[in-house]
Structures are given as C-alpha cells and as structure tokens.
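Visitor: Mind having a look at this structure? Questions to follow.
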Amino acid sequence: MRDASLNFLRKLVNTPSPTGHESRGQRVWLDYVSQFADTTFSDAYGNCVAVLNKGGSPRLMLAAHADEIAMAVNYIDADGFIYVRKMGGIDAAITKAQRVTIHTRNGPVRGVVGNVAPHLQKMDGDAKLPKIHDLFIDIGVSSTKDAEKLVRVGDPITLVDEFELLRNDLAIARAFDNRIGTFAVAEAARLLSSGKTKLRAEVCAVSNIQEEVGLLGARQIAYSLKPDVALVVDVTHATDYPTVSKAQHGDVKVGAGPALTHGGCNHPEVVRRLEELAKAKNIPLQHEAMSASSGTDTDVIFWTRGGIASALISLPNRYMHSPVEIVSLKDLEKIPELMAAFAQSLKPGQEFKVKI
C-alpha cells in the first residue's frame, strides 16, 4: 500500500467515530477525498458525499458506513462511577478491564472499565457473562458532583486501542468495521480521478452514518441521491480461526481476497459484472450466501425509491466487534480497484435489470 494511503487509513481508524457522533471521522474523510472530487458536501445528519464527473450517467453510489460501535454515559452513582448504555453491538464480556475515552464537550476524558479481581469474586459454579448494565467506568473521582464536572449523561465512549501493523500484510485495530469501507470508497475516488479511462458515469462516493444502530444513514443518503446503481463496502466475518463453524458461517479467509455476497439484496447482474471485472483484473474473490438479510447497508439501499440495483463487497475480518480486529491490507487494496473498474465499465444511461 502506498504511504499516503496507509497514513490516511491509520488516521481514519484512529479518529474516534462513535455511532451518532461521527463528525470527527467524517472531517478526516472529507479532507482526504476532496482532493479527488469535483465537489463534496454533507447533509443534515452528517452523511458525507464526494462527487466525480457530476452530470454523468448512470449515477453510481459507492457507499460505506463511518460509525463504530461505542457506549454512552447512562448513569453516575454517588461514588462517581459511570454506568453505560451500548451503542451498537458491544460485547460486554470483552469490554471489562479496557481503557476508554469519554468524548465530552470539553475534550476527551480517560477512564477504565472496572474489573473485580478473581480473588474477590464468588466462584460458586460457572462465572456468568456480564451484561452491559454491569459495566462501570472509573475516571478517578469520588463523587457524582466531581464526575459531572467532567462528563455528562449521553457522552459517547470508545475503547483506546489503535491501528497497528502486525506482520506481513496484516493489521490490527478496534474499528476496521467499517473505516475500511470508507477508506476503500475514498481510494476508489482517487483511482478514478487519476485513471486514463474517461469516466462516463457520475460517481457519488459516500461515507454514511449510524449503520451500527439500524442502517439509518444509508436510508437517508440513498433516498436523497437517487442513484441508479450502488456498491456497498463493509466487513464480513472471517472464519479461518479456531472454534468457528464453516458449515454454519461459510469459508472466508483473511488474505484470500474480498468477498461477494449472493442472493437477496445483491442484484445478480451487478454481481455478475463484478465477477467479470475481477477476473479481467486478476482480483481474487471469495463468495458468501445470504438468507433474509446481509446485515449491512445494502439491505436498505436496494429497496429505496422502488429499487436500486446494488451489490455488497466485503473485507474478511477476524474478531469483529472487538478491540483486535485483524484484516489483510492486500485484500483491502483490491476493493477500490474493483469498484473503480466497475465505475469505468458503465456506459451512458446503462441500467441493470433482472433477466426474465
């Protein structure tokens, strides 16, 4: 990966972007992608868009969500300990004994999620997994009054863990889900802006908000933009490590390329085009099946305004929704290449319809 792109990825991942409070991360994304776009803008709730070849046809939306799972201050007890509410799929069991940052109006406040030492716990039978309301945060004060000088109910909370290269092409971070998607969309814009092939489609690169709590930003921006076709980028569960059932969850490996999902919201003609382009570009692909839903923004984009031809491209991710998510940077680099190739393949006025 080129140095400038890696530095952008590192900054994007390390910038806290808790769901519903994505503005800091969105600023990082807009600052980067604006150098490749004709114009950029944001809407009422912070969905951000960069447009290339405005007025072209068809209109292609490249979309990914900017938000990360988080917690929020919910209650402060008499001794100044903070109890939390989850925002998105937080796992309470692995959140204990973690360092956290509370993002307040006056700046970050550091704290730790308390953890009772094994010596002090009652061990009658198997230990029960904690619930989110069992977690408490210690910010080093001793009263409600002192805590309220620093934080208030509703302040978002993220874990402290940041981007790190592991070895070979593997990287670790707390929030690859889904900053890798917004990274890939921005990189696709970069490739298109410098490409030798004349772009005929209008491309709207989108970094949308609040996926983790209901696919909300994608509903808003897909309705506003009225795209003719959409490619969505998100992470998917890698299943190449112990205890995960491939028979139940499929066979998806880190390092074996991006994954295409088949069925449901994934338009068969868009998927077919992606497969053809991947073959022509020597981009390795993996494949996933879905039943009722994909669990991504694709689920709401595809039925907007009577139906938008859509497809999901996913990056294999080990240990999703944890502080130690692992992805392959080589896999990641292939996604913007594939999206850029798709955009360049579009002909003026082209439509995607299921063959009957």
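Just so you know, all these numbers are worked out from the coordinates, no wet-lab data involved. Treat the numbers as computed from the prediction; the structure is a model and nothing was measured. Glycine gets a Cβ as well: all are built from the backbone with ideal geometry, and neighbour counts include every protein chain shown.
Visitor: Could you go through the range 75-86 in sequence order and give the Karplus-derived ³J(HN,Hα) for each residue, using 6.51 cos²θ - 1.76 cosθ + 1.60 with θ = phi - 60°, rounded to whole Hz, and x for Gly and Pro?
Guide: Listing the rounded values in order: 6, 10, 7, 5, 9, x, 7, 9, 9, 10, 10, 7 Hz.
Visitor: I need the peptides 196-209, 89-102 ranked by packing, meaning the mean over residues of other C-beta atoms within 10 angstrom, with the highest value on top.
Guide: Highest mean packing first, the order is 196-209, 89-102.
Visitor: Tell me which residues come under 5 Å, amide H to amide H, from M87 once H is placed; ignore anything under 5 positions away on its chain.
Guide: Hits under the 5 Å cutoff: A70, M71, A72.
Visitor: Residue-wise, which Karplus ³J(HN,Hα) couplings in Hz belong to the range 222-235, taking 6.51 cos²θ - 1.76 cosθ + 1.60, θ = phi - 60°, and x for glycine or proline?
Guide: Values per residue, Gly and Pro as x: 5, 5, 6, 6, 6, x, 8, 8, 9, 10, 10, 10, 8, 8 Hz.
Visitor: Take every Cα pair under 8 Å in the chain that's 6+ residues apart, average their separations, divide by the length, and report that relative contact order as a whole percent.
Guide: Computed value for the chain: 23 percent relative contact order.
Visitor: Right, something else. The list (i) 30, 54, 15, 1; (ii) 27, 51, 16, 5, 1, 0; (iii) 33, 63, 4 gives values of P(r) over Cα pairs in 20 Å bins from 0, in percent, and only one came from this structure; which label was calculated from it?
Guide: (i)
Visitor: Once both axes come from the Cα atoms, what is the angle between helix 329-345 and the longest principal axis of the chain, in degrees from 0 to 90, rounded to 10?
Guide: 40 degrees
Visitor: Take the eigenvalues of the Cα gyration tensor for the range 177-230, scale each by 5, and report the square roots as semi-axes in whole Å, largest first.
Guide: Here the semi-axes work out to 24, 15, 6 Å.
Visitor: What angle, in degrees between 0 and 90 and rounded to the nearest 10, separates the Cα long axis of helix 23-33 from the longest principal axis of the Cα atoms of the chain?
Guide: 30 degrees
Visitor: For a quick check: with amide H placed at 1.01 Å from N, whose amide H comes under 5 Å from D155's, ignoring anything fewer than 5 positions away on the same chain?
Guide: Under 5 Å from the amide H of D155: V73.
Visitor: Ranking request for peptides 170-183, 266-279, 218-231: highest mean number of other beta-carbon atoms within 10 Å first, then the rest in descending order.
Guide: 170-183, 218-231, 266-279
Visitor: When averaged across all projection directions, what area in nm² does the alpha-carbon convex hull of the range 225-356 cover?
Guide: Orientation-averaged projected area of the Cα hull: 9.1 nm².
Visitor: Sort out for me the Cα centre separation of the range 11-80 from the range 305-353, rounded to whole Å.
Guide: 17 Å
Visitor: What are the ³J(HN,Hα) values, in whole Hz, obtained from phi via the Karplus relation 6.51 cos²θ - 1.76 cosθ + 1.60 with θ = phi - 60°, for each residue of the range 2-19 in sequence order, with x given for Gly and Pro?
Guide: 5, 4, 5, 5, 5, 5, 5, 4, 4, 5, 5, 5, 6, 7, x, 9, x, 4
Visitor: Sticking with this one: Can you tell me the relative contact order of the range 70-159? Whole percent, Cα pairs under 8 Å, sequence separation 6 or more.
Guide: RCO, the range 70-159: 46 percent.
Visitor: Moving on to the next point. Can you give the % of DSSP beta bridges in the chain that are antiparallel, to the nearest 5?
Guide: The antiparallel fraction comes to roughly 60 percent.
Visitor: In the range 297-356, which chymotrypsin sites (Phe, Trp or Tyr not before Pro) are in a loop and have at most 14 other Cβ atoms within 10 Å, using DSSP for the loop call?
Guide: W303
Visitor: Quick check: Cα centre of the range 207-224 to Cα centre of the range 242-298, how many Å?
Guide: So the separation of the two Cα centres works out to 22 Å.
Visitor: Working from Cα positions, state the angle (0 to 90°, nearest 10) between the long axis of helix 176-193 and the longest principal axis of the chain.
Guide: Between the helix axis and the principal axis of the chain, the angle is about 30 degrees.
Visitor: Still on this model: Between rounded, prolate and oblate, where does the range 65-183 land on the alpha carbon gyration tensor, with a ≥ b ≥ c its root eigenvalues, rounded for a/c under 1.5, else prolate if a/b exceeds b/c?
Guide: Oblate is the answer for the range 65-183, as a/c is 1.5 or above yet b/c matches or exceeds a/b.
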